[in-house]
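The values are calculated or read from the model by the stated rules, or taken from the named source; none is laboratory data. If you're wondering where the values come from, they're calculated on a predicted model, not measured in any experiment. Quick reminder, even Gly has a Cβ in these numbers, built from the backbone with ideal geometry, and neighbours come from all protein chains shown.
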Amino acid sequence: MPAAADSSLNGGAKHFENNRRRARFRALRRRAADALSPDRPGRAQARDRERDTPAFDAALTWSASEVLGEKDFETMTADKFAAAADAVSAFGAELARVRTRRFRPGSSADRVDMRKTMRAAMRCGADFNPLTRRRRRTRPPPLVILCDVSGSMDRYARMLLYFLHALANGHDRVHAFLFGTRLSNVTRALGGRDVDTAIGNVATAVHDWGGGTRIGHCLGAFNKLWSRRVPTNEAVVLFISDGLDRDAAEGLGREMERLHLSCRRLIWLNPLLRYESFEPKALGVRAILPHVDEFRPVHNLNSLKELGRALGNARSPDHVGASRQRGKAA
């Protein structure tokens, strides 16, 4: 009896296990059939979506960064303007280092440091001592920015504030001035690390944003009040304006000449250079043009990148070109 009972139990367990395997196999076969069936619910809709989706040729498309780099600041939508502002805030311009009046030790320098050489001879008392040499120290020059915030420059000036903030936080000797009908020093306002807070401080400090332009009057105020406080004699000056003056360029040529003579390098950034047919016909443009070292466009991200590379060169090529020659001839 025990043996018979044991065999019946084993037979029932095997039968139960076989039924489980057959049920599992039927479930797997049913799922496979549903997956491979052309009439599965939702499959027709997926085929329709694939058929309606347009196919793009990657060879004929530009990346978003390339399109944004070529886009004019004045024609950008709010979303594109915000994206461009974020990109400008991340810019970093390395200024070309210039020689100063101070010296530092240099083994391969041509200048002999006689003071250190004599001190070493007195200290050692030897008949022969090697010559101690020195060379001039180098450091980035001061950077002075004069930016037009009149109505015709409104869109460009807003974007350039992000660029000025990046420069002010990346270098220790940056002085920023905004002008419309009067001159405003915004150097301290741009000194904060947070760009939104800095631009808010600038908006509070400037009261003539989007108004008229008195370029000659504002340059005269800078030359009279700030040229001796700011180290302009060794500075690189960025003059940002379209050259359209409400005062018909009265005294503008004289003040630009004085500014040019008092600085190391004067770069004029003009958004009107985005037009290939640009000619210096306005009185303000003709008064400014003979007194600048470089004449560059500033209307999109690519032009700002080119400016950053130019600031890194000790002596950039002359970008005045035919426009400057026409201005002199006129």
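Key figures for this structure:
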read-out	value
Answer from 194, 208, 148 - the residue that is loosely packed, with under 15 Cβ neighbours inside 10 Å and either in contact with a Pro (Cβ under 8 Å, 6 or more places away or on another chain) or not hydroxyl-bearing (Ser, Thr, Tyr) (or both)	194
In the stretch 187-245, the residues that are under 23 Å from residue 293 (Cβ atoms), of a type outside the set (Asp, Glu) and assigned to a helix (DSSP H, G or I)	215, 216, 218, 219, 220, 221, 222, 223, 224, 232, 233
Flag for residue 250 being of a type outside the set (Ser, Thr, Tyr), modelled with pLDDT of 90 or more, in contact with a helix residue (DSSP H, G or I) (Cβ under 9 Å, 6 or more places away or on another chain) and farther than 25 Å from residue 169 by Cβ	no
Residues within the stretch 230-245 that are surrounded by fewer than 19 Cβ atoms within 10 Å (Cβ to Cβ) and in contact with a strand residue (DSSP E or B) (Cβ under 9 Å, 6 or more places away or on another chain), tallied	2
The stretch 138-164 - residue that is modelled with pLDDT of 90 or more and part of a loop (DSSP other than H, G, I, E, B) and, of those, farthest from the chain's Cα centre (by Cα)	150
Residue match in the stretch 287-304 (condition: in a loop (DSSP other than H, G, I, E, B) and at pLDDT below 90)	no
